[in-house]
Amino acid sequence: MPHAGLNFGIFLAPFHRLGDNPTLAIQRDMELIVLLDNLGYDEAWVGEHHSAGWETIASPEVFIGAAIERTKHIRLGSGVTSLPYHHPLLVAQRFVQLDHMSRGRTMLGCGPGALASDAYMMGIPPETQRRRMEESLSAIVKLLACEEPVTMETDWFTLKDARLHLAPYSDPRFPIAVATSTTPSGVMAASKHGLGMLSLGAGLPGGPQKLAEQWRLAESEAAKHGVAMNRRDWRLVVNMHCAEDDERAFRDVAKGERIETEGYFGEVLARPPTRSEDPLGDGLRAGTTLVGSPDTVADGISRLLQFTDGGAGAVLFRAHEWADREATWRSFELFARWVMPRFQDSLRMPTQSREWCVENRGGIFAPNMQALHKAFTDAGMAVPQIDRLKVREG
């Protein structure tokens with residue numbers, strides 16, 4: 001990773017309310033990725049969904065391919081590829097191609113499929129989705145190793161002497177992460193292969209309190225398979241909106257948060273919406289939602305990391321549209337300017353340099369002032385009327 005400390009990025013489902021022009025919404029998603037690249041964010045994970053009207057990107061691979069050509073630094077991953085929907089050989093081939101096209105900026109996120117309506121339309125029984133994800137993931141990991149042909153037979157895919165016709169560009173392969181939420185299945189799948197985790201549960205009620213337990217389970221299971229987990233590959237997904245002060249931040253997002261929670265998660269997905277009198281405040285106190293000034297958001301991240309009992313590698317922000325475009329972009333800029341440096345060790349040397357100058361200003365700047373004074377007097381000129389003491393000391 002290119003810098004010390006935490007990585008930051010977004011988890012772009014995306015979320016676009018019904019009635020919004022879908023063509024412009026996809027364009028806006030792409031423009032957001034370009035903005036984040038320019039602001040120094042590390043990662044963007046793009047979702048795959050096929051129904052319900054809100055999460056409107058059907059192919060993260062197509063979106064990533066276009067984003068590669070518009071960005072320079074940000075790493076781009078699927079958030080996530082629903083493995084039961086695809087043959088594992090094709091998933092591996094597509095992401096190897098993206099790995100080459102991006103010169104190593106591609107990541108693969110894996111999951112069983114989040115929307116029941118997607119699986120229903122494809123005739124996939126819900127009780128098979130997690131097993132199918134694990135079977136596909138095992139096949140993909142073997143294919144990407146490029147060690148020997150892979151033969152594998154399941155009730156939904158077959159591999160016969162299968163091999164990739166390109167090895168990954170990244171050595172030994174691009175990062176792979178498994179989505180985890182409220183059940184242990186994602187943790188178990190990731191730990192079997194020593195892969196990264198995308199902890200979506202960190203942004204759900206009660207989720208932060210379970211993070212340490214989740215990591216202990218991952219380490220324990222990984223040891224059984226003879227592999228190790230790395231906290232740098234652990235990503236926590238939460239909600240965030242930053243403004244100049246807490247009051248403005250809450251005002252920016254209050255209406256949009258209710259529309260999304262009640263209109264999508266409640267009415268469409270049949271998940272009980274939050275009926276709290278202060279849902280954003282409750283989320284802030286619980287650590288699942290970070291809304292406020294840079295100081296408030298930074299404090300929230302510090303608290304979130306404490307729940308992990310040892311830290312994580314990245315914090316990702318669920319790319320909602322609770323606020324309008326201007327406020328949303330301003331949020332990401334404020335975070336990049338005033339919060340990100342606190343967690344990436346980029347302020348240590350400027351701070352030390354300033355403190356050194358302050359502590360030694362008498363010895364450093366006094367001779368300089370004397371030399372300036374002498375230059376004027378040697379030239380027979382009047383010394384400018386300045387506060388010599390003030391200049392000398394500060």
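The numbered conditions (1) assigned to a strand (DSSP E or B); (2) farther than 25 Å from SER199 by Cβ are all true for ALA44 except (2).
For GLU277, the conditions (1) at pLDDT below 95; (2) charged (D, E, K, R); (3) in a helix (DSSP H, G or I); (4) farther than 26 Å from ALA4 by Cβ all hold with the exception of (3). Where strands (runs of 3 or more DSSP E) fall wholly inside the stretch 134-227, the ranges with 2 or more residues that are more than 21 Å from ALA114 (Cβ to Cβ) are 150-153, 158-162.
Filtering ALA44, ALA13 for residues that are over 19 Å from LEU98 (Cβ atoms), at pLDDT 95 or above and of a type in the set (Gly, Ala, Ser) leaves a single hit, ALA13. Among the residues of the stretch 91-101, are any of a type in the set (Gly, Ala, Ser), closer than 26 Å to SER138 by Cβ and part of a helix (DSSP H, G or I)? There is at least one residue in the stretch 91-101 that is of a type in the set (Gly, Ala, Ser), closer than 26 Å to SER138 by Cβ and part of a helix (DSSP H, G or I). None of ALA167, ALA145, ALA190 is within 15 Å of THR81 (Cβ to Cβ) and under 29 Å from the mean Cα position of the chain (by Cα) except ALA190. Tell me, yes or no, whether the stretch 217-227 has at least one residue that is surrounded by fewer than 21 Cβ atoms within 10 Å (Cβ to Cβ) and either aromatic (Phe, Trp, Tyr) or within 17 Å of LEU304 (Cα to Cα) (or both). Checked the stretch 217-227: no residue is surrounded by fewer than 21 Cβ atoms within 10 Å (Cβ to Cβ) and either aromatic (Phe, Trp, Tyr) or within 17 Å of LEU304 (Cα to Cα) (or both). Within the stretch 281-326, the residues that satisfy the criterion of being in contact with a His (Cβ under 9 Å, 6 or more places away or on another chain), of a type in the set (A, V, I, L, M, F, W, C) and free of Cβ contacts under 8 Å to residues at least 60 places away in the same chain are LEU290, VAL291, VAL297.
If you check ILE57, ILE10 for being crowded, with 19+ Cβ neighbours inside 10 Å and in a loop (DSSP other than H, G, I, E, B), only one passes: ILE57.
Put simply, of ASP378, ASP345 the only residue that is charged (D, E, K, R) and either surrounded by 15 or more Cβ atoms within 10 Å (Cβ to Cβ) or at pLDDT 90 or above (or both) is ASP345.
Scanning the stretch 45-66 for residues that are of a type in the set (A, V, I, L, M) and touching a Phe, Trp or Tyr at 6+ places or on another chain (Cβ under 8 Å) returns VAL46, ALA52, ILE57.
Only a single item in (1) assigned by TED's automatic domain parsing to the domain that holds ASN38; (2) without any contact (Cβ under 8 Å) to a residue 60 or more places away in the chain; (3) out of contact with any Ser or Thr (no Cβ under 6 Å at 6 or more places or on another chain) is not met by ASP246, and it is number (3).
With the requirement that a residue be touching a helix residue (DSSP H, G or I) at 6+ places or on another chain (Cβ under 7 Å) and surrounded by fewer than 16 Cβ atoms within 10 Å (Cβ to Cβ), what does the stretch 129-155 give you? THR154 - this is the single residue of the stretch 129-155 that is touching a helix residue (DSSP H, G or I) at 6+ places or on another chain (Cβ under 7 Å) and surrounded by fewer than 16 Cβ atoms within 10 Å (Cβ to Cβ). Screening ARG388 against (1) touching a helix residue (DSSP H, G or I) at 6+ places or on another chain (Cβ under 7 Å); (2) modelled with pLDDT of 80 or more; (3) not small (Gly, Ala, Ser) leaves a single unmet condition, (2). Annotation note: Cβ proximity below 6 Å between a residue of the stretch 161-182 that is without any contact (Cβ under 8 Å) to a residue 24 or more places away in the chain and assigned by TED's automatic domain parsing to the domain that holds GLY206 and a residue that is surrounded by fewer than 16 Cβ atoms within 10 Å (Cβ to Cβ) and in a loop (DSSP other than H, G, I, E, B) (sequence gap 6+ or interchain) occurs for ASP161/PRO149; ARG163/PRO149.
Does ALA298 satisfy the criteria of being surrounded by 18 or more Cβ atoms within 10 Å (Cβ to Cβ), in contact with a Leu (Cβ under 6 Å, 6 or more places away or on another chain), modelled with pLDDT of 95 or more and under 30 Å from GLU219 (Cα atoms)? Lay out the reasoning, then the answer.
Numbers: surrounded by 18 or more Cβ atoms within 10 Å (Cβ to Cβ): yes; in contact with a Leu (Cβ under 6 Å, 6 or more places away or on another chain): no; modelled with pLDDT of 95 or more: yes; under 30 Å from GLU219 (Cα atoms): yes.
When the stated conditions are applied, ALA298 does not pass them.
Considering (1) within 30 Å of VAL187 (Cβ to Cβ); (2) at pLDDT 95 or above, the lone condition that LEU269 does not fulfil carries the number (2).
The values are calculated or read from the model by the stated rules, or taken from the named source; none is laboratory data. Keep in mind it's a predicted model, so treat the numbers as computed, not measured. Here the Cβ is made from the backbone with ideal geometry for all residues, glycine too, and neighbour counts use every protein chain on show.
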